[in-house]
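Comments concern the structure below.
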Amino acid sequence: MKKFYSIILILISNQLFAQISKDVPIDYFGQTPPGDSAIIFAPGIVSLNDSFTSAITFSPRGDECCFNRYDGIYWKWGTIFYAKYHNNKWSEFRPAPFTDSTNYFDILPIFSPDGHKFLFSSARPSKAYSYVDLWMCKRKGEKWGKPAKLDSTINNPTDDESFSSIANNGNIYFNKDITNSIWLSSYKNGTYSKAVKVSEPVNSKYGAGAAFISPDESYIIFASIRPDGYGERDLYISFKKTNGTWTEPQNLGPKINGPTDDFSARISPDEKYLFFSKGIKKKYCAIYWVSANFIKKLKQKIDP
């Protein structure tokens, strides 16, 4: 009987977390919301003109925010920055204390949809870039536990595992950079299965990466250089069919993509906005955001 009540409490807790992510308003640093054309996000607060900034992520409750900055010229450092929303205001961004990011090359943070897991890529024990692996922190109450490296079903010592994204059911989608492709490790019975390549047409001869999987795995947004693109890497979306295969990817269009790199997509917890990184000055990158209304419109093209 005690076990039964414990299960009920867990289910209620998960439902509350899911409800919070959509219904509680998130303070996006006081920024005016964007329309259908992408604009830079929080200039001077998050995005700078002379920095490599990417991978912004908000917790489901909207009270935690992380992004990374890194040395994209010499690759000597990469740091995850963290801010907490408390008493109706955001703290200053500081290196994430629970990852101890000042001592290691840490990049590409992302919260899980339920807010209980935090994924990132790290070159630990190195402070400069070397091969990066996927690491995870788990929430303990209101705090985060110590980072743990995911096992060999996901990580390979001679490849980069990066740009992770996690679904409601725990499945992890991520990059393997040598093959320039997106991989999936399924979560079953408390363990991760050996990673497999996501099927075509998401992966293709044109390469694919920097993916975001929707919490229910109904769509995936990723970066690729394809013949219908507008420059370098563009963002594409593919929807999952009822038989488990993926639709032909659709380019997100010129209001989002441009002549420089567009990558590292993330949909906000309230499902209102797409955040992504865009190259600026052909040398740096900053975080942009745009209304997520395009998802419904592009879905209607294939499923009117």
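The values are calculated or read from the model by the stated rules, or taken from the named source; none is laboratory data. Values in this document were obtained by computation on a predicted structure and should not be read as measured data. Positions of Cβ are backbone-derived with ideal geometry, glycine not excepted, and every protein chain shown enters the neighbour counts.
Kindly evaluate residue 223 against the criterion of being modelled with pLDDT of 95 or more and closer than 18 Å to residue 167 by Cβ. Here the answer is no, as residue 223 does not meet what is asked. Please indicate, with yes or no, whether at least one residue in region 89-106 is assigned to a loop (DSSP other than H, G, I, E, B), touching a residue at least 40 places away in the same chain (Cβ under 8 Å) and more than 21 Å from the chain's Cα centre (by Cα). Scanning region 89-106 turns up no residue that is assigned to a loop (DSSP other than H, G, I, E, B), touching a residue at least 40 places away in the same chain (Cβ under 8 Å) and more than 21 Å from the chain's Cα centre (by Cα). For residue 104, the conditions (1) closer than 26 Å to residue 161 by Cβ; (2) modelled with pLDDT under 95 all hold with the exception of (2). Scan region 149-169 residue by residue and report those that are assigned to a loop (DSSP other than H, G, I, E, B) and not hydrophobic (A, V, I, L, M, F, W, C). Across region 149-169, the qualifying residues are 151, 152, 153, 155, 156, 157, 158, 159, 160, 168, 169. Starting from region 243-266, take each residue that is within 17 Å of residue 212 (Cα to Cα) and list its partners that are of a type in the set (Asp, Glu) and surrounded by fewer than 23 Cβ atoms within 10 Å (Cβ to Cβ), counting only C-beta distances under 7 angstrom and pairs at least six apart or across chains. Between residues of region 243-266 that are within 17 Å of residue 212 (Cα to Cα) and residues that are of a type in the set (Asp, Glu) and surrounded by fewer than 23 Cβ atoms within 10 Å (Cβ to Cβ), the close pairs are 251/228; 261/232. The residues listed here are 83, 96; of these, the one that is surrounded by fewer than 22 Cβ atoms within 10 Å (Cβ to Cβ) and of a type outside the set (Val, Ile, Thr) is 83. Pairs meeting the criteria (first residue in region 155-175 and on the phi > 0 side of the Ramachandran plot, second residue in a strand (DSSP E or B), beta carbons under 7 Å, at least 6 apart or on different chains) are 163/108; 163/174; 163/175; 163/209; 163/210; 163/211; 163/264; 170/187. Residues in region 128-139 that are assigned to a strand (DSSP E or B) and either among the hydroxyl-bearing types (Ser, Thr, Tyr) or free of Cβ contacts under 8 Å to residues at least 40 places away in the same chain (or both): 133, 135, 136, 137, 138, 139.
Checking 38, 55, 42 one by one, the residue that is touching an Asp or Glu at 6+ places or on another chain (Cβ under 9 Å) and of a type in the set (A, V, I, L, M) is 38 and no other. Comparison of 113, 125 shows that the only residue that is surrounded by 18 or more Cβ atoms within 10 Å (Cβ to Cβ) and outside any helix (DSSP H, G or I) is 113.
Across region 64-78, the qualifying residues are those that are under 17 Å from residue 133 (Cβ atoms) and crowded, with 18+ Cβ neighbours inside 10 Å, and the one among them that is nearest to the chain's Cα centre (by Cα) is 68. Scanning region 273-290 for residues that are of a type outside the set (Val, Ile, Thr) and either touching a Lys or Arg at 6+ places or on another chain (Cβ under 7 Å) or buried (at least 17 other Cβ atoms within 10 Å of the Cβ) (or both) turns up 273, 274, 275, 276, 277, 278, 279, 284, 285, 286, 288, 289.
Taking residue 21, is it at pLDDT below 95 and surrounded by 19 or more Cβ atoms within 10 Å (Cβ to Cβ)? Spelling it out, residue 21 is indeed at pLDDT below 95 and surrounded by 19 or more Cβ atoms within 10 Å (Cβ to Cβ).
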